[in-house]
Amino acid sequence: MTRARGTPGSLEHKIIIRAETLAADQRMQNELARLWRLLRRLSYVAMVIAAIAGAATARTVLAGAAANSADGITVNFFWALASLLGLHILAFVVWLLLVILLPSTAQGGILGALLLWLWRQLAARVATGRQRAAAVAAIVTIWGQGRTGRWLLSILSHGVWAGYLFGALAMTFALLSAQRFNFVWQTTILDAGAYTALTAGLAALPGALGLTMPGQTAVLAAQWPGPVAAGNETLWSTLLVAALLLYGLLPRLLAMAACYALARRAARTTPLDVSQAGYARLIPLLAPQVAATQVIDPDGAATPPPATMPDLPHQPQPPPPGPVYLLGWEIDTPATGWPPAAANHVHDLGLCDSRDDLARVVSALREDSQSPARLVVVVDLRHTPDRGVTAALQALQNACAHRVFLLFTGAAALQDRLGQSDAAGRLADWVAAGRQAGVEPYAMAAIDLDTPGDEARLARLFGP
Amino acid sequence: MTQCLDIAVIGHTNTGKTSLMRTLTRRRDFGEVSAHPATTRHVEMAELALGGETVLRLFDTPGFEDSSGLLSHIEALKAARNEDWIETIEAFAATPDLQAGFTQEAKALGQILASAVLLYVIDARDPVRAKHRDELELLGRCARPVLPILNFVAPEAQQQTAWRDQLARVNMHAVVAFDTVVYNQADELTLYTKIATLADPYEPMLTRLMDELAAARAAQRRASAVMVAELIVDIAAARRPYKANDDAAKTAAAADLKDAVRRREQQAVTALLHLNRFGDEDYSPPDLPFAGGAWQEDLFDPLVLERFSFDATKALAAGATAGLAIDLMTGGLTLGAAALTGAAAGFTIDTARRYGGRLIALATGMAEMAVDEPTLNLIIARETALTAALFRRGHGAQGPIAADPVDGTGLQERLAPLTRQARRHPKWSSLAANPRKTASRVSLVARMADTIETALS
């Protein structure tokens, strides 16, 4: 996994690296090997059956019905050739057209599909256990789908046809060796010219390869009934065998080789479908931006225990005599206005948040000849209490003989923002910050200045 | 060899620095996050790698707390030592004796001086205070490019304008709104683009990083959609046989099916969470209101009969074609017997494969239980809502995932023809005793995933 993650390149590449690195499951390998063997044997059996069929066809066509007369067997040459090669050529052309014209949907021929289907039935019979099912699925995925599958199935189809043509060729050769044939042709509606042209066409390729082919005289001489001239049988036999070889077996073998090459190429270039559930699991693990994390510069001091929530008394104790001051620290003007109606009679120091403001307030407090009875500092619960707040509160405590009272506002807005439990935690943090600045628990109260309704408590807080 | 870009994530305490780290690294277990102040008390690093090579290092720092006090302290230091700002800050960060209770801030400042770019995280819900202005002044003295990040912009953004004005005043005009809780891919790309403008030599690397992030995101989207599609196929095709006219057996079958479906859904939820790098604790699906009302394919339903005759014709044709090929190959020896046999075999095998089990079941007095339509639709709505919620969730998010299924997306209607197809193939369900993953199933899942992906975007 580590090696795969560190490999440069796409997710697909990483998945393949990972698959290669994983220890190969021997049972799975055995299972795959067995199923491959099954498929290979099935293909051989199909080819042998096709070869037998080809031989049978050749026998029927050449020596099936006709009587064996003393002059040999009279066979309609073109009819025999069409019977032997017609279907093969038709199927081949259809396959070629499908592959060229409908490359996305074309399958690898009906014979290949039939073989795969048969194999699947057999595999299902012998399938037991997880490995087997997974192996069957793996092979079906490769053979039954996509470009690779199309070329592989095509190889099967061509293989079966090659078997058939080989059988036909072998039987034809055997019959030609052991029996005497008179090759003739006849027609009702065509003239001799058509057959001359056909023969010339068929003979072009074998002729080019140096074989002696029947010429015009031979064609004319072979019309039946008529005085069939002897001596041309060798020519016709050569053409028959050459046609079977060059127009039958050879194209199939060439197509097989081409499909093999195409399958190899397709297998190399087919992208892995990384959206499949099994691979998707790996996406986060192999993602390019894996974050290795490391603590540097660790904190020496132990984390302070979370602040606990003291019981806030609703009514702070009665204040000592003296003036009452009011200060808003890092707050916006509350919805009910500033100063609060209940604090109309107190000395308002205003809203402030800066160190200059703080210095001004501290000197104002110090310069007051009368020692203040209390300084009510309003803070906003939405703010996180930080050391800056504690430091400011401490400065204020020092300036007013430790008579700071804390009023927490903004509880409703905080609850909207954080939810109930985190809001309670925040209040506890504020209480802890207050304690740290030397504010007694009785001198703290949570009254929301944004919503009216707590005037009685406010009045008590600000004193008479 | 690309150089590694060091970025320090800084800001006032409790503004979401660690949350930003989590969202950028997709690691919800990075550091510690709470609503309390000073949760992070050390510098913690996360590396981002491209092709096995570390290209970006993000440093999470303790937040500033007493910023005004810190500024006063450093001003005093500077005056006492008669040095310039950078020298004073360097000395302060390096010498514990000079730190006077500002150890948290000293760690942050030390990391700031060691980094090429600073991400200054702002809780955009907070108004601009003097302490923030003091922080910005101090940052200005550090002579490092700063990119302010407005966090928590999604729910309430009243203070954004005030923040942008204030930042413009200290010459920070490039500001990124990036919510660590509500993830937005475009915002993340904007963030990296702006970092690239601040750290010019790293631009090609950052472009590659953005490309890989986008590609990973796309793969994740697709995989999520495929997961939901697989779940739908598995559940739509699930069957449980029971003896007809036996109420106890029917109840047992319903309970068994419900249990299997629930476990399958939980499995999908876990897989979705893990795929998107969240944990099981982030979400748990509510119980399934399985009415016990079973969906039953009536074998004599006109739709089924129509489908059946279509199937039969296809099978007949396929069998006959194969037979015909054999007939022709053997030069008519078989006199068309192969074609006939092939047709008959194709028809019989196909029919038996598709309907045989159920016909036998009918004949032997068995019936089948399937998941009813409302339950299936509920699961579709629930899992697509969860997937959508996961796409929108930043890894800094703390609360549980809110994934209430929304009605009226029309997704169920668009999926209906596809789920009907899944219904017809009990073996396509992974909940079946002997499941089969055919090419048609794969293609159905792909088409479903397309529909889901379209609906999610």
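A few comments on the model shown:
- Reach of B:Lys258 by Cα under 15 Å, taken over aspartates and glutamates that are not fewer than 8 positions away in the same chain: B:Asp234, B:Asp287, B:Glu368, B:Asp372, B:Glu373
- List B:Glu383, B:Glu368, B:Glu137, ordered by accessible area with a 1.4 Å probe, largest first: B:Glu137, B:Glu368, B:Glu383
- Candidate cross-link partners of B:Lys131 among the lysines, defined by an alpha-carbon separation under 22 Å and a same-chain spacing of 8 or more, comprise B:Lys17, B:Lys78, B:Lys107.
- Pairing chain A with chain B buries about 5600 Å² of accessible area. This figure sums both sides and uses a 1.4 Å probe.
- Per residue, the convex hull spanned by the Cα atoms of segment A:180-262 amounts to 114 cubic angstrom.
- Average beta carbon contacts from partner chains per residue of B:373-382, 10 Å cutoff: 0
- Within the accessible surface of segment B:5-198, defined with a 1.4 Å probe on protein heavy atoms only, the carbon and sulfur portion equals 47 percent.
- Once all protein chains are placed together, B:Phe102 keeps about 20 Å² accessible to a 1.4 angstrom probe.
- Residues in segment A:136-263 average 44 Å² of solvent-accessible surface per residue, probe 1.4 Å, ligands and nucleic acids excluded.
- Most positive-pole-ward Cα, B:Met172, B:Ser67, B:Gln159, against dipole of segment B:5-198 from beta carbon charges: B:Gln159
- Among B:His36, A:His345, A:His158, the sequence by solvent-accessible area, most first, with a 1.4 Å probe is A:His345, B:His36, A:His158.
- Packing-based order for B:429-436, A:414-421, B:114-121, using average beta carbon neighbours within 10 Å, highest first: B:114-121, B:429-436, A:414-421
- Annotation for segment A:320-391 versus segment B:194-269: alpha-carbon center distance of 56 Å.
- Look at the dipole of segment A:330-464 built from charges on Cβ: of A:Val346, A:Pro372, A:Phe408, the Cα furthest out on the positive end belongs to A:Pro372.
- Largest to smallest in accessible area, the residues B:Lys243, A:Lys14 fall in the order B:Lys243, A:Lys14 (1.4 Å probe, all protein chains included).
- For peptide A:93-99, the mean count of partner chain Cβ atoms within 10 Å of a residue's Cβ comes to 0.
- Residue mean of other protein chain beta carbons inside 10 Å, B:61-71: 4
The values are calculated or read from the model by the stated rules, or taken from the named source; none is laboratory data. If you're wondering where the values come from, they're calculated on a predicted model, not measured in any experiment. In this analysis, Cβ positions are derived from the backbone assuming ideal geometry, glycine residues included, and neighbour counts consider all displayed protein chains. SASA here: full protein model, heavy atoms, side chains in, ligands and nucleic acids out. Shrake-Rupley method; radii C 1.70, N 1.55, O 1.52, S 1.80 Å.
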